[in-house]
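One structure below.
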Amino acid sequence: MSKKNPEYDFAWCPGCGDFGVRRALEFALRDWMNETRRRPEDTVVVAGIGCSGNMVHMLEGPQPFGFHGIHGRTLPIAFGVKMARPDLNVVVVAGDGDFLSIGAEHIGPQAQRNLNVTAVIMDNGVYGLTKGQSSPTTETGSITSTTPFGKLEVPMRPLEMYLTWGVSFVASCYSSRVKDLARLIMEGMKHPGFAVVHVQSPCTTYNDTHDILKGDIKKGLAPKIWDIPPDHDAASLEAAYEVARSPGIPMGIIYRNPKSASLDQRVAELALKAKPKSVQELVDSYLV
Amino acid sequence: MAKRRDFIVRFAGEGGQGMVTAAEALAQTAAQAGYHALTFATFPSQIIGGPTWAQTRISTAPVHSPGDELDVLVAFNREAYEEHRGEVRHGGVIIYDSGAFQLEGGDHVQPLPFEELGKSTGNARASNMVVLGTLSYLVAWPEKYLTDFITNRFSRGRPGDEEVVRSNIQAGGLGRQEAAKWGFALGELAPPSPRQGQQVFVKGNEAVALGAMAADIDVYVGYPISPATPILVFMERNLVGPGKLAYQASSEIEAINAAIGAGYAGKKAMTATSGPGLSLMSEGIGLSWMSEIPLVVVDVQRGGPATGLPTKTEQSDLLAALNIAHGDVRMPIIAPGTVEECFYAAAHAFKWAERYQGPVVVLSEMVLAERAQNIPKPDLGSVVLEKRVVYRGADGYLRYEEPGLSPMPVPGGPGAYVANGSEHDPMGDTTHRSNWHQHMTERRFRKLKLLEDGTYESLNPDEPVVLMPWGGTKGPAQEAYKLLLEQGTKLGWNYTMFLNPLPPRLLDELRHKELVIVPELNYLGQFSSVLRSLGVRAESITQYTGLPFKVRELADRIAARLQAGVKERVTV
């Protein structure tokens with residue numbers, strides 16, 4: 001159930017990172033509306049399948065439009081929505097399984113096009129909703145229900161992959177840092193192009209990494225997350241790679257292409273130059 | 001001697017030798033002269049080379065099949081001669097490129113060095129006109145037909161047009177001179193009958209695209225695949241300007257979901273594909289059905305399954321299209337049977353998609369898609385635009401509450417909701433409750449009732465046995481039907497392009513028939529199995545060669561089936 005709908009029969013587990021991401025997204029949407037003087041219905045949230053996709057039903061406060069589609073296809077749907085209506089603010093919410101496994105084929109094309117949407121990716125390193133299978137970001141050797149003798153593959157390194165795919169805005173955060181995350185999502189929405197905000201959002205049931213991420217002095221655990229220093233040049237792809245390749249999980253904006261021009265901008269420019277024929281003219285061009 | 005009413009020419013050789021161009025030029029020449037003309041081409045799936053042939057049929061009345069026996073075979077190489085000579089009718093002619101190879105002659109095997117003669121005009125690309133000159137002499141056409149065509153075609157307002165026109169006319173003249181030396185002709189083709197109204201010369205794919213344009217399509221997303229690619233190419237060129245978008249996607253999966261996204265955002269969206277692409281789109285089409293988003297999908301059928309026969313024709317996607325997605329679905333399907341119907345099928349598909357807020361499949365076929373034909377100019381005035389029922393009330397709207405169709409909110413406007421591919425409650429939130437699954441399933445099927453406005457053809461309605469083709473088999477079946485009636489056969493005729501839902505009155509008529517014979521190009525007898533499931537005593541005559549039916553063969557098979565009698569009645 002959710003606050004707005006007692007009929008809705010889904011819930012996140014206690015402590016799930018997605019709660020923090022939801023708060024951050026609500027803040028970011030509020031800030032976006034305040035800053036742009038736009039209304040809630042001017043945003044469309046396109047959700048993937050998995051625990052994280054339920055975000056679209058869990059959002060509280062002023063309600064944006066939502067599309068809870070099919071597994072792995074958030075980007076194609078978002079592409080259709082955004083290119084049909086470039087005036088809309090389009091946000092993708094998906095998990096590491098949806099976005100980086102079944103849906104990975106769609107990241108490259110949208111990066112090449114520089115589709116103007118913001119993808120908030122909740123990475124918990126596991127398939128949670130289907131009860132604990134190995135995902136692209138699961139660590140090597142991990143025991144999961146589908147890797148009972150330990151995962152053989154090396155984990156994908158999404159931040160480096162985004163840069164290589166050509167994503168024009170890449171940020172990284174942790175679900176418990178709600179305010180930072182809200183700011184990063186807002187930056188992503190303001191960025192004129194494809195923005196990915198990759199969030200460590202632990203699954204408290206199947207892969208609880210909260211302690212590993214933030215560290216635990218009592219257990220002698222050093223934090224895995226670290227803040228990107230303020231002097232990092234996010235406009236430099238080289239510097240971005242360096243951050244993305246560093247050990248641990250960087251927090252902040254890794255890359256922001258300063259020359260980013262979105263697909264809808266370029267399509268609009270082309271559309272102005274086009275000389276469309278009317279249907280009548282088209283039919284007449286085939287006259288015998 | 002009675003004048004000929006039909007003229008069939010086949011150009012055969014190797015891919016890249018210009019057979020399709022020649023066939024289309026001949027058809028266009030005839031169309032301009034006032035005849036009814038169409039082409040048929042079949043080629044291997046490669047850019048250059050491989051056995052290719054193209055055929056033109058010219059007729060004094062409208063016909064919709066490539067025709068059976070050849071009046072003329074134009075052989076571009078020896079293999080083509082060997083392969084196709086058997087299909088030339090008694091008294092027909094074989095013309096071969098004697099500049100390239102030699103054959104044992106004979107009265108009706110005539111050498112024509114068309115490459116050499118073409119080049120002698122100073123235009124290396126004029127050889128087709130030599131052939132066209134020869135052909136027009138053989139059927140006693142006035143020279144004017146060809147010169148008119150050449151003048152029209154090559155007067156493009158470019159420098160050098162005059163020289164191109166001159167050399168091509170000269171080439172045509174050389175072809176006539178050669179034919180005059182042979183000392184025989186095929187018999188004069190009867191002059192065309194005066195036409196009612198204007199005509200356009202288009203291919204099926206273009207007619208589909210024009211139909212979509214007439215229906216005011218906003219967004220097209222597609223992925224290249226034979227034989228549907230020309231629709232994408234057309235859209236990239238013509239669906240331009242503010243508010244319009246044509247885009248080449250990275251896969252059919254992307255194409256279908258992008259089209260759904262555009263439909264959700266309030267636009268009229270379409271994608272076109274062929275068999276393998278349709279398979280990839282199946283989950284997306286299910287999403288469109290489930291989340292109730294208008295969408296038009298064109299499937300230009302080719303031989304299947306898997307990669308199948310990319311450049312051959314077949315009608316084997318019907319069952320796949322009808323139940324395209326997993327779960328309880330029944331796709332609305334419109335299957336045009338002629339190039340002209342391609343236009344109206346596409347236009348009508350948009351009506352249906354908007355009216356019931358869901359996916360509609362247009363089932364075209366390779367044989368229609370690649371057929372160039374002159375057809376009556378599409379009546380744009382007859383295309384009534386269906387406006388989407390858009391929600392304009394207050395927020396807090398329950399999008400999926402009604403037992404049937406309900407107004408659809410559009411992003412940016414009131415009534416924000418979640419369009420959901422998971423089973424949902426009236427608000428659009430995911431639910432697993434039985435009552436909602438039952439309610440929503442019934443709601444989705446109930447909406448199909450809105451689509452029962454299809455029209456159909458009915459001839460000799462009192463006959464207990466009817467012939468009922470579907471799709472592109474309509475053309476050969478029409479001619480076979482005519483032949484059978486001329487022979488005194490008792491047989492009714494039914495036809496519709498609205499395969500699902502069938503026009504209710506037609507279905508009622510069919511249920512009262514003793515036998516419904518369905519000629520179709522697939523192994524399973526797909527449409528007859530659908531009809532049987534609807535309580536119709538239907539039986540198929542099938543063919544699965546990658547080629548359309550030949551009229552005579554089809555007529556013989558129908559006659560044989562009728563002779564077997566209805567005592568071997570199909571049980572349903």
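The values are calculated or read from the model by the stated rules, or taken from the named source; none is laboratory data. The structure displayed is predicted, hence computed values, not measured ones. Please note: Cβ atoms are built from the backbone with ideal geometry, for glycine as well, and neighbour counts cover all protein chains shown. Side chains included, ligands, DNA and RNA excluded: accessible areas come from the protein's heavy atoms. Shrake-Rupley method; radii C 1.70, N 1.55, O 1.52, S 1.80 Å.
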Practice item. Treating the angle as unsigned and between 0 and 90°, give the value, to the nearest 10°, between the Cα long axis of helix B:143-154 and the longest Cα principal axis of chain B. Key: 50 degrees
Check your understanding: Volume per residue, Å³, of the convex hull around the alpha-carbon atoms of the protein assembly as shown?
Key -> 195 Å³
**Study point:** Packing-based order for B:339-350, A:236-247, B:71-82, using average beta carbon neighbours within 10 Å, highest first
**Key:** B:339-350, B:71-82, A:236-247
Practice item. Could you work out the equivalent-ellipsoid semi-axes for chain B, taking the square root of 5 times each eigenvalue of the Cα gyration tensor, largest first, in whole Å? Key: 46, 28, 19
Exercise for review: Express as a percent, rounded to the nearest 5, the fraction of DSSP beta bridges in the stretch A:113-268 (both residues included) that run antiparallel.
Suggested key: 35 percent
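Under a 1.4 Å probe, what is the accessible area of the stretch B:201-382 per residue, stated in Å²? Before the final figure, lay out the partial values.
Values: 4060 Å² over 182 residues.
Computed with neighbouring chains in place, this is 22 Å² per residue.
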Practice item. Run down the lysines and flag those whose C-alpha is under 21 Å from the C-alpha of B:Lys482, throwing out any fewer than 8 positions away in its chain. Key: B:Lys3, B:Lys474, B:Lys490, B:Lys513, B:Lys550
Review point. Helix B:252-264: angle to the longest alpha-carbon principal axis of chain B, degrees 0 to 90, nearest 10?
Key: 60 degrees
Review point. With r defined as the distance between the Cβ atoms of B:Ser434 and B:Arg511 and R0 fixed at 45 Å, what FRET efficiency is calculated, to the nearest 0.05?
Key: 0.85
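About the Cα centre of the protein assembly as shown, what is the dipole size in debye to 20, counting +1 per Lys and Arg Cβ and -1 per Asp and Glu Cβ, all else neutral?
Dipole magnitude for the protein assembly as shown comes out near 1080 debye.
Only helical DSSP H runs with n ≥ 4 go in: add -39500 (n - 2.57) per run for chain B, normalise by residue count and round the 222 nm mean residue ellipticity to 500 deg cm²/dmol. Intermediate values should be presented prior to the final figure.
Numbers: 18 runs with 208 residues, N = 572.
So the calculated ellipticity at 222 nm is -11000 deg cm²/dmol.
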Check your understanding: Separation between the B:Ala124 and B:Gln198 pseudo-spin-labels, each 7 Å from Cα along Cα→Cβ, expressed in nm?
Key -> 3.8 nm
Study note, to complete from the structure: The long-range amide H neighbours of A:Ile254, using H built 1.01 Å from N in the peptide plane and a cut-off of under 5 Å, are A:Val170, A:Ala171, A:Ser172
Check your understanding: So which residues of the stretch A:1-31 lose at least 20 Å² of accessible area, probe 1.4 Å, when you go from the chain by itself to every protein chain present?
Key -> A:Lys4, A:Asn5, A:Glu7, A:Tyr8, A:Asp9
Revision key, fill the gap. One checks the Cα atoms of the stretch B:1-152 and finds Rg and Dmax, in Å, of 14.6, 45
Exercise for review: Calculate one ³J(HN,Hα) per residue across the stretch B:523-540 by plugging θ = phi - 60° into the Karplus curve 6.51 cos²θ - 1.76 cosθ + 1.60, and present them in order as whole Hz with x for glycine and proline.
Suggested key: 7, 6, x, 5, 5, 5, 5, 5, 4, 4, 5, 9, x, 10, 7, 10, 9, 9
Exercise for review: Round to the nearest 0.05 the FRET efficiency obtained for A:Ser285 and B:Ala190 when R0 = 35 Å and r is the Cβ-Cβ distance.
Suggested key: 0.70
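State the antiparallel share, in %, of DSSP beta bridges confined to the stretch B:457-568, rounding to the nearest 5.
Numbers: 3 of 13 bridges.
So the antiparallel bridges amount to about 25 percent of the total.
Sequence gap at least 6, Cα distance under 8 Å: using those rules, report the relative contact order of the stretch B:99-150 to the nearest whole percent. Numbers along the way, then the final one.
On the way: 32 pairs, mean separation 11.1, N = 52.
Contact order relative to length: 21 percent.
Can you tell me what share of the DSSP beta bridges in the stretch B:40-125 is antiparallel? A percent to the nearest 5 is fine.
Details: 3 of 11 bridges.
Here the share of antiparallel DSSP bridges comes out near 25 percent.
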Study note, to complete from the structure: Asked for the total accessible area buried by B and A (1.4 Å probe, Å², nearest 100), one would answer 4700 Å²
Review point. Given A:Met83, B:Leu483, B:His512, which one lies farthest toward the positive end of the charge dipole of the protein assembly as shown, if we put +1 on the Cβ of every Lys and Arg and -1 on the Cβ of every Asp and Glu?
Key: A:Met83
Check your understanding: Taking 0.36 nm per intervening residue step and subtracting the Cα-Cα distance, what contour gain separates B:Arg158 from B:Lys490 on full extension?
Key -> 113.7 nm
Study note, to complete from the structure: Of all GluC sites (Glu not before Pro) in the stretch B:374-447, the ones in DSSP coil with at most 13 other Cβ atoms within 10 Å are B:Glu401
Review point. So which lysines can A:Lys151 reach, going by Cα to Cα under 20 Å and dropping same-chain residues fewer than 8 places off?
Key: A:Lys131
Check your understanding: For the residue pair A:Val154 and A:Lys214, what label-to-label distance in nm results when each label sits 7 Å from Cα along the Cα-to-beta-carbon direction?
Key -> 3.2 nm
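Please compute the Kirkwood hydrodynamic radius over the stretch B:271-391, one decimal place, Å, based on all pairs of different Cα atoms.
On the way: mean 1/r = 0.0673 Å⁻¹.
Final number for the Kirkwood radius of the stretch B:271-391 is 14.9 Å.
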**Study point:** Radius of gyration and Dmax over the Cα atoms of the stretch A:81-226, both given in Å
**Key:** 16.0, 53
Check your understanding: Got a sec? Charge dipole of the stretch B:389-451, +1 on Cβ for Lys and Arg, -1 for Asp and Glu; which of B:Leu448, B:Pro411, B:Ala394 is way out at the positive end?
Key -> B:Leu448
Revision key, fill the gap. In deg cm²/dmol, rounded to the nearest 500, the helical mean residue ellipticity at 222 nm of chain A, built from -39500 (n - 2.57) for every DSSP H run of length 4 or more, is -9500 deg cm²/dmol
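For the protein assembly as shown, give the percent of accessible area contributed by carbon and sulfur heavy atoms, probe 1.4 Å, rounded to a whole number. Present the calculation step by step, with values, prior to reporting the outcome.
Values: 17820 of 33360 Å².
Roughly 53 percent of what the probe reaches on the protein assembly as shown is carbon or sulfur.
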Review point. Sequence-distant or interchain residues sharing an amide H contact under 5 Å with B:Gln199, placed H: which?
Key: A:Val288, B:Lys377
Review point. Just how far, in whole angstrom, is the stretch A:158-217 from the stretch A:31-76 if you go by their alpha carbon centroids?
Key: 17 Å
Study note, to complete from the structure: Check: C-alpha center the stretch B:411-446 vs C-alpha center the stretch B:1-76, spacing in Å is 53 Å
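Between the DSSP loop rule and a limit of at most 11 other Cβ atoms within 10 Å, which chymotrypsin sites (Phe, Trp or Tyr not before Pro) in the stretch A:100-193 are left?
Values: sites: A:Tyr127, A:Phe149, A:Tyr162, A:Trp165, A:Phe169, A:Tyr174; in loops: A:Phe149.
Answer by residue number: A:Phe149.
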Exercise for review: Can you tell me the dipole magnitude for the stretch B:415-472 around its Cα centre, using point charges on the Cβ only (Lys, Arg +1; Asp, Glu -1), in Debye to the nearest 20?
Suggested key: 360 debye
Point to revise | Between 0 and 90°, nearest 10: helix B:229-238 axis offset from chain B longest Cα axis | key: 80 degrees
Exercise for review: Jot down the radius of gyration and Dmax of chain A, Cα atoms only, both in angstrom.
Suggested key: 20.2, 86
Point to revise | Cβ-placed point charges (K, R +1; D, E -1), dipole of the stretch B:389-451 about Cα centre in debye, nearest 20 | key: 300 debye
Check your understanding: Which of A:Pro247, A:Gln110, A:Leu263 sits farthest toward the positive end of the charge dipole of chain A, with +1 on the Cβ of Lys and Arg and -1 on the Cβ of Asp and Glu?
Key -> A:Leu263
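Rg(Cα) of the stretch B:467-572 divided by 2.2 N^0.38 Å? Don't skip to the end; give the middle numbers.
Working: Rg = 12.9 Å, N = 106, 2.2 N^0.38 = 12.9 Å.
After normalising by residue count via 2.2 N^0.38 Å, the value is 0.99.
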**Study point:** 27 Å Cα cut-off, lysine pairs counted over the stretch B:201-382 (separation 8 or more, or different chains)
**Key:** 14
